[in-house]
Amino acid sequence: MCRWITVLSSEQISLSDVVLAPTNSLVQLAKDASFHPGYSDMNNHTTNGDGFGVGWYHSNAAIVPRSVVLTNEPVEGHPNMYAAVFKDTAPAWNNCNLREICCATRSHAIMAHVRAASRFASVSQENTHPFKVGRLLFCHNGRIDKFPKIRRALLSRLTEEAFILVRGTTDSECLFALIVTFLQEDGKAAELPTEQDTPFGHSRLVNAIKKTLKLIEKLLTEADITDTFSTMNFALTDGESLVVTRFCDKSPHVMPPSLYYAYGNVKELTEEITSKDPERYVRQGSAMGGETTASESDSELDDAAAASGNNPAADGIDGGHVGSPSVGMRYNNPAYSSSASLEGLTLDGDTTYDEMPIDLLMRESLPGLQYGEVDSSKATFVVSSNPLTNTHTWNPMPRNSIMWCTRGHAPELRLLRSKATYKKFKKKLLSENTLIL
């Protein structure tokens, strides 16, 4: 298990704003990731010292060693953006270059990861996240249980171009190659994903991830790996759109690793996250921690969505913050139109889930301000394995869900409910009289 943080912002922010400055920064998560209110310790690794990686986007023109010239002539309608990564196998708290790079670099999109290596993958540069392909960055928190038993079947599903990209031994890199394969096969672009220099769009990224989740479930079933669980907290970005998942194939019997999101005005939210005195941003009676039990926020959010016709806030049900329910009226905000957000998303045999949109309008962005009132042209979207502060800002992401945001637009959230049954796994739980949270 690992920890990651990813940011999509309308304005450039310093890498240090997520890696170094917060009270629960990436460096702190490498040392101690025990602060995850609302969730149990299961699938949430405390120490993550087996390497780190930071990815960001820039528009610098460069001539790279292979004589490939990257021009700075913008594609019409889209500025050229290039992904960059810095990785090391040393712990994040023990690398002076990380501090220098983060303090000197600003970007509209950031992805940062600290690793706790699994037993099937060694500590090496090749196995360190985030992984990069063209303008895509990807990282993963979780594990595919008994991965060696399905690795060959997974690799056989890759295109030749995606297969060549796999250089390490992690399940995560193979999952990324599978996502790249589905992007290559979707017929939506003339270029290969490895060569595309324009944004992919959230629809393509969402569909590729859903197909990946489905195929992994299928491969595990075909390999008769049904008595254990696999977790897939993904983050995928092209610098313009960000897609994240919180997913376990045996949910609700086993909870995925924790994941939280925040959305608000870029300057105000960044000020809160990097404040030396974050306690002054805590509303009375709504501090993160202590008021909920493990997995309570998961259950409340899922039940609220099901009971309220996809609009938990409209029926006066918990708005989703840990320990801070909020109720209010809907805002007429086109950015949150369900029909608009679903446009371009396919529903075929490979991606079919029982999907439920979650209304985010009533989530509290800042005291006195809700998501529906945030100016998306001046906003930032942050998703993290742990809250970066103990303030009210952080919303727990519900189990088995997918979330996306495109710069200049509001985030969207969907619950994913697999149509597959877990009879063998349920039978095992009943026989052992075990309830896993």
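Computed from the coordinates by the stated procedures, all read-outs in this text should not be read as laboratory data. Because the structure is a prediction, the values reported are computed rather than measured. Positions of Cβ are backbone-derived with ideal geometry, glycine not excepted, and every protein chain shown enters the neighbour counts.
Between Ser230, Leu220, Thr198, the Cα set farthest toward the positive side of the dipole of segment 187-235 (charges on each charged residue's Cβ, about the Cα centre) is that of Thr198. Taking only the C-alpha atoms of segment 226-271, the Rg (one decimal) and the largest Cα-Cα distance, Dmax (whole number), read 14.8, 47 Å.
With a 10 Å radius around each residue's Cβ, average the other Cβ atoms per peptide and rank 266-277, 131-142, highest first. Please report the intermediate quantities before stating the final value.
Values: 266-277: 17.4, 131-142: 24.7.
Most protected by this proxy first, the peptides run 131-142, 266-277.
Could you tell me whether segment 171-219 comes out rounded, prolate or oblate from its Cα gyration tensor? Rule is a ≥ b ≥ c as square roots of the eigenvalues, rounded for a/c under 1.5, then prolate if a/b exceeds b/c, otherwise oblate. Here segment 171-219 falls in the prolate category. Where a ≥ b ≥ c are the square roots of the eigenvalues of the C-alpha gyration tensor, would you call segment 136-255 rounded, which needs a/c under 1.5, or, failing that, prolate if a/b is larger than b/c, or oblate? It comes out prolate by the Cα gyration axes. Its alpha carbons considered, segment 102-189 gives a radius of gyration followed by a Dmax of 14.1, 44 Å.
Listed highest first by mean packing, meaning other Cβ atoms within 10 Å per residue, what order do 397-405, 360-368 come in? Show your work: numbers first, answer last.
Values: 397-405: 24.4, 360-368: 19.7.
Descending packing order for the listed peptides: 397-405, 360-368.
Post the alpha-carbon centroid distance, segment 24-42 to segment 167-220, in whole angstrom. Answer, in whole Å: 29.
Work out the FRET efficiency for Thr228 and Thr352 from their Cβ-Cβ distance, taking R0 = 25 Å, and round it to the nearest 0.05.
Working: r = 24 Å, r/R0 = 0.96.
Between Thr228 and Thr352 the formula returns 0.55.
Charge dipole (Cα centre; +1 on Lys/Arg Cβ, -1 on Asp/Glu Cβ; no other charges) of segment 80-176 amounts to roughly 240 debye. For the peptides 123-130, 1-8, residues were scored by their other Cβ atoms within 10 Å and the scores averaged per peptide; the highest-first order is 1-8, 123-130.
Among the GluC sites (Glu not before Pro) within segment 147-216, those in coil by DSSP and having at most 16 neighbouring Cβ atoms inside 10 Å are Glu191, Glu195. Scalar couplings 3J(HN,Hα) for segment 129-144, obtained by applying the Karplus form with A = 6.51, B = -1.76, C = 1.60 to θ = phi - 60°, are 8, x, 8, 10, 9, x, 9, 9, 10, 9, 9, 9, 10, x, 7, 9 Hz; x denotes Gly and Pro. Shape class for segment 196-288, computed from the alpha carbon gyration tensor (a ≥ b ≥ c): oblate, with a/c not under 1.5 and a/b at or below b/c.
Fully extended, how many nm does the chain gain between Asn94 and Arg157 (0.36 nm per residue separation, minus their Cα-Cα distance)?
Working: separation 63, 0.36 × 63 = 22.68 nm, distance 3.90 nm.
That pair, Asn94 and Arg157, stretches by 18.8 nm at full extension.
Cross-link check: pairs Lys132/Lys276; Lys149/Lys218; Lys87/Lys132; Lys188/Lys211; Lys87/Lys267 evaluated at a Cα-Cα cut-off of 23 Å; pairs beyond the cut-off: Lys132/Lys276; Lys87/Lys267.
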